[in-house]
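Here the structure comes first, spelled out in structure tokens, and everything after it is commentary.
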Amino acid sequence: MEYVVELLNIGKSFPGIRANDDITLCLRKGEIHALLGENGAGKSTLMSILFGLYQPDEGKIRVRGTEVQIDNPNIANELGIGMVHQHFKLVHNFTVTENIVLGIEPHKGITVDLKQASRKIRDLSAQYGLNVDPDAKIEDISVGMQQRVEILKMLYRNAEVLIFDEPTAVLTPQEILDLLDIMRNLIKDGKSIILITHKLREIKAIADRCTVIRLGKFIGTVDVKDTDEERMAEMMIGRRISFDIHKKPLEPGRTMLKIDNLTVLNSRKVPALKNFSIELKAGEILGIAGVEGNGQSELVEALTGLRKVESGTILLDGKDITAMTIRERIENGIAHIPEDRQRRGLVLDYTIEENLILEKHRRLPFSKNGFLNHKAIREHADEVISAFDVRSSNGPVTMARTMSGGNQQKAIIGREFDLNPEVLIAVQPTRGLDVGSIVYIHRRIVEQRDAGKAVLLVSLELDEILDLSDRIAVVNHGELVGIVDAKSTNEKEVGLMMTGIRAHERSSSNGNGGSNK
Amino acid sequence: MWSVIVNIFPYAVAFAMPLLITSLGGLFSERSGVVNIGLEGLMVVGGFASALFTVAFYPSLGTGAIWLSLIVAMAAGALFSLLHAFASINLNANQVISGTAINMMAGALTIFLARTITGSGNVQLRMGLPRFDVPGLVHIPVIGRLIFRQTYGTTWLIIGILALSAFVLYKTAFGLRLRACGEHPHAADAAGINVYRIRYIGVLISGAMSGLGGATILVTYSGEFSGSVAGMGFLALAALIFGQWKPLGVLGATFFFGFAATLANSSQAEPALKAIPEVVLKVFPYVVTLLALVFFSKSTQAPRASGEPYEKGKR
Amino acid sequence: MRLQVNKDFIVGLSSVFLGLVAGAIFMAFTGNNPFEGYNYLFAGGLMNLERFGNTLAMATPLILTGLSVAFAFRTGMFNIGTPGQVIIGGLAATIVGLTLNIPKPLLLSLMTLAALLGGAVWGIVPGLLKAKFNVHEVVSGIMMNWIAYWITYYLVPSYFKGSFETESRHITQAASLKAEWLTGLFKGSYINLGIFIALVCVVIISIILKHTVLGYQLKAVGFNRHAAEYSGINVNRNIVLAMMIAGALSGLGGQTLYTGYASSIQIGVMPSQGFDGIAVALLGATSPVGVVGAAFFFGILQSGKGFMNAMTDIPSEIGDTIIACIIYFAATSVLIRNFFDGNLFRSKKGGK
């Protein structure tokens, strides 16, 4: 059995981090090989080395039996290796064609022959069933189509080895099935695929073999059909983790948040949320499920005051807060764990203790008559750090920038919970974190709910929504598709709703029929 | 009214051209991803180089010396801009500060060298480029007298460079890659493009063009090097924003500024304008720039990655 | 925090050193002996009590403009409009000084108020334009500089003309920041009460930055305006406030320049103390104390360059050239930092 790509004993270090430590991955021709590891395990680094974005410190690479040096992506392309990146590398105001030919532009004299390229792309797209319009601008097409543009980039360069970096993070369940079909087509055509992922279910669905890495180290390569999900999880994490989350039985209190007919415009002045109405009660977790970009961000921004509301009202425990400033909303009991912890959640160049009083600095005891009370600020930081297990190199005077993602998030959660809010809005609270932190944060969120707080959970991870929520509301294209009870639903049903198909439309007794897309 | 326009048109053009070429230089730099605040200093350097060269070689080469000095100015500007390129691209320095340092260095260094070489901080040029009517075209009714009368050779040179620039930017592979580096350098990098090299070229082009701009001021309407271009470099930046980083937009913006400024200077000749207090006319270009910025900064089409140092490691 | 301060100090010192080396190269290029040149340069600034007083007097406006730029930097704003603020602040003070005929303490207080207001107004414009319309503060700052320049150019000869076309009437002793006892102490130099004003401002700004809610908010906005917004801080208000304060500081600098060091205001001159403030702020690592040190150093350069020019024939522009080089080196300090990180300081994260 011939190996088309061999990564042998690869080592790579960055300042302060050993990203890859003696890792070996061998890809057979015609196989789909999964690369499994937690967030931060070193998967993307390894593949970036294969794609020529980084050079390894130790180890060697063989392609089709010959040892090679891959100094830059051009060489990787020449060797037939292509990569579909997790964060798309597409220029937003270029067309699909311009993006694909960037770097290998076809010429007609000294000008670029875009027409010729366009034709070739149309043909390729039809050949693999990708359905992409070569003349559309990237900023105008859907995320799923953007990903297919990334795939086309590789096919245009005659890639034989295709690397997919966490491709399903941004897709609906239906689009994920489409992608798996596309992958099977590619294999049939003689390509070989490396799939970087941390989703065990997908590995079981499509991969032949799987290499597991943990904290930069190589753990093992297994045959997928002979290995179950629990075993792969154990290899990935290194220990058995209890994923059980015990929730008290649901005892919903009064309505804390009443959102009535809310319409919100996005940055391009297009309605991102349309006539959205929902209620959140004390003591419950309401999950908002949906594919990225369907209005969730705008909903949260409208609730927290970061974005103006076009029409509709928001009532917080009966009080109309629609026109209130961000500060007023915080004073009235809204806490927000933001989706981007480094952009919104923390001032990275401030210390932990300075970050922990971000919303409270105007109040006693932290300040009086405009002057800060450093002692009170320090004591407060000590309390939160110990209550929320926030680990850092220097305690309260650590610069937030030097903390790990998990500890940064714990600090934010500590800060927000310490506000003792009535309504907690948590957006992607465990994005990019290791499993240990994820479980910890989930437990703390459930604690808040058990203590009678109202929790609005917005997440792109369906598992998280299903595990934590009492009720699940699904949004699609800015509209509320439906609300279901978490205990009585499943991933398939919610997945369908995420594409716009309302629950009741599936039953034949309802005569309306027709799906909303 | 029309006669006023016809009379001041050549002056407006003369004012606008150095602005245009400098702004075009800024366009290349910013489109590649590097903000170049130092256009002002680069103009000074170009003017200085042109002045020295012309004074030295006019006796032997005549008007040819003036034309050659333009090339010298471009070379000097490009060379000086290397400082900014190195700081911004290799060292990831704050591009605004680096540009400011360029401005200050240019101002101080050129006067220092002028004093050392000629004994005075000012360099007077007793000769400049001649003005001429474009044969044939000047007889076209209406616009002939407007556009083709009493023009400078540099005007046509600069218009030519503008056309060439638009072509390169939108029709060639280099232009596509340059724009990609300014919008999404990681995408360019993944496509195998050397982002550092392209940004260097962008900055060097801005240096060369700004140098030409400074020299043009000298050989057309100023005639004297004095170590400063009175904010023209910043007006060029404003024109870039006003023109939304597109060559045609920049053309429109600089012409607008040209007229605004010339209106002020020609107040002496035009009775209609005599009534307005001189100070109003003098600050008019700057106030107009502020207003233009207010209108045009909100809906910005600035290259997305402009001003951010490019680091390979970040994803 | 301690390690940080030391590192900034070393970097600042290195930038100065490299700037002086660059200056030496230029001096040699013009056929002069750099050691001789620097000898006269520093002697010219420090040699005797009178010269020392002049150095302090030269440093005074620089402390204020340096403070102005440093303060604005903390909020993420680049205050390049300092020359305009210096002019308008100085103009306002001069006008008050020439118009009112009241006892010195009251007059000086009113002049200070005028300088603060004038500078604040001139600083608020780029701040407002940035906050409300996202106008790049560098371009708007430069525009304001030239508007201030031309306003003064026409206003002064029309209403306050002095014995020359190019300057205003001289202010009286009552309006000047010069004080007899101080001038006597320093043997007749230009030193004036401005130095005390400047040092008081340094203390006030220090306190604001370290101990007040305002300082906390301004720094948060400067470091990460998105997080500041998210937490309820009013970003726009802080930007405008910061520029107002920065403008006021530069305006004060104008007062110390035109009614302290000098006793009239010149037209047709863009005060070099404006842009030099940027160099001072950068060199002082935008810390108030660093600003004082840097300003003093520049004071030496500015007051010594005339003496150097007299004793050798090195053009006095060398002073400005050295300053510009220092800024360049301070801006590119990454190299210097890396150099020292490898040799002197062990990085906490333990490189390998």
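Odds and ends about this structure:
- When A:His361, B:His184 are sorted by how many other C-beta atoms sit within 10 angstrom of their C-beta, beginning with the fewest, the order is A:His361, B:His184.
- Residue-averaged beta-carbon neighbours from other chains (10 angstrom radius) around C:230-243: 4
- Per residue of chain C, the DSSP helices (runs of n ≥ 4 H) give a summed -39500 (n - 2.57) that works out to -25000 deg cm²/dmol at 222 nm.
- Note on A:Asn394 and B:Glu311: with the Förster distance fixed at 41 Å, the Cβ-Cβ geometry gives a FRET efficiency of about 0.95.
- Using R0 = 45 Å, the C-beta based FRET efficiency linking A:Leu215 and C:Glu36 works out to 0.10.
- Near the amide H of A:Arg214, within less than 5 Å, lie the amide hydrogens of A:Ile219, all on another chain or at least 5 residues away, with H placed in the peptide plane.
- With contributions of -39500 (n - 2.57) from each DSSP H run of at least four residues, the per-residue ellipticity at 222 nm computed over chain B stands at -23500 deg cm²/dmol.
- Nearest-0.05 FRET efficiency for B:Ala75 and A:Val68, computed from C-beta distance (R0 56 Å): 0.85
- Chain A - charge dipole about Cα centre, Lys and Arg +1 at Cβ, Asp and Glu -1, debye rounded to 20: 500 debye
- Taking the Cα centre of segment B:2-233 as origin and assigning +1 to Lys and Arg Cβ atoms and -1 to Asp and Glu Cβ atoms, the resulting dipole is close to 260 debye.
- Degrees separating the helix A:114-127 axis from the principal Cα axis of chain A, which is the longest one: 90 degrees
- Taken residue by residue and averaged, Cβ atoms of other chains lying within 10 Å of the Cβ of A:342-349 number 5.
- Chain B, relative contact order in percent, only Cα pairs under 8 angstrom and at least six apart counted: 36 percent
- Selected from C:Ser158, C:Ser333, C:Ser14 as most flexible by GNM, with chain C as the system and alpha-carbon contacts under 10 Å: C:Ser158
- Counting neighbouring Cβ atoms within 10 Å and putting the fewest first, the residues B:Cys181, A:Cys26, C:Cys201, A:Cys210 line up as A:Cys26, C:Cys201, A:Cys210, B:Cys181.
- Once the gyration tensor of the Cα atoms in the protein assembly as shown is diagonalised, the equivalent ellipsoid follows with semi-axes of 56, 38, 30 Å, ordered largest first.
- Note on C:Lys305: lysines with a C-alpha under 21 Å away, same-chain residues under 8 apart excluded, are C:Lys187.
- Within 10 Å of the Cβ of each residue in B:93-103, the mean number of Cβ atoms contributed by other protein chains is 6.
- Here the dipole of segment B:134-223 is about 140 debye; that uses its Cα centre as origin and unit charges on the Cβ of Lys and Arg (positive) and Asp and Glu (negative).
- Amide hydrogen proximity for A:Asp57: with H placed 1.01 Å from N in the peptide plane, the residues at 5 or more positions away or on another chain lying under 5 Å are A:Gly11, A:Lys12, A:Ser13.
- The alpha-carbon atoms of chain B define a convex hull whose volume equals 143 cubic angstrom per residue.
- Unit charges at the beta carbon, dipole of segment A:3-237: most positive-side option, A:Thr227, A:Asn77, A:Thr45: A:Asn77
- Structure remark: mean-square fluctuation, Gaussian network model of chain C, C-alpha springs under 10 Å; the largest value among C:Ile87, C:Ile95, C:Ile278 belongs to C:Ile95.
- Pairwise centroid distance, computed over Cα atoms, of segment B:133-210 with segment A:127-171, Å: 33 Å
- Here the 3J(HN,Hα) profile of segment C:289-295, calculated from phi with Karplus coefficients 6.51, -1.76 and 1.60 at θ = phi - 60°, is 5, x, 4, 4, x, 5, 4 Hz, Gly and Pro shown as x.
- In the protein assembly as shown, a dipole from Cβ-located charges (positive for Lys and Arg, negative for Asp and Glu) runs towards its positive end, and of B:Leu178, B:Leu281, A:Val309 it is B:Leu281 whose Cα lies farthest in that direction.
- Within chain A, helix-based [θ] at 222 nm, where runs of 4 or more DSSP H residues each add -39,500 (n - 2.57), nearest 500: -9000 deg cm²/dmol
- In terms of other Cβ atoms within 10 Å, A:Arg363, B:Arg179 run from fewest to most in the order A:Arg363, B:Arg179.
- Of B:Met74, B:Met209, B:Met127, the one that fluctuates the most in a GNM where chain B has Cα springs shorter than 10 Å: B:Met127
- Amide H partners (placed H, <5 Å) of A:Ile163, local residues excluded: A:Gly82, A:Met83, A:Val84, A:Ile194
- Sequentially through segment C:270-275, phi angles give Karplus couplings (6.51, -1.76, 1.60; θ = phi - 60°) of 8, x, 5, 4, x, 5 Hz, Gly and Pro residues having no value and appearing as x.
- Here the 3J(HN,Hα) profile of segment A:345-352, calculated from phi with Karplus coefficients 6.51, -1.76 and 1.60 at θ = phi - 60°, is x, 9, 9, 4, 8, 9, 7, 4 Hz, Gly and Pro shown as x.
- Set of lysines with alpha-carbon distance to A:Lys453 below 22 Å, sequence-local pairs under 8 removed: A:Lys247, A:Lys248, A:Lys258, A:Lys281, A:Lys319, A:Lys360, A:Lys410, A:Lys487
Read the figures in this text as sums done on the coordinates, not as results from a lab. Since this is a predicted model, take the numbers as computed values, not measurements. Please note: Cβ atoms are built from the backbone with ideal geometry, for glycine as well, and neighbour counts cover all protein chains shown.
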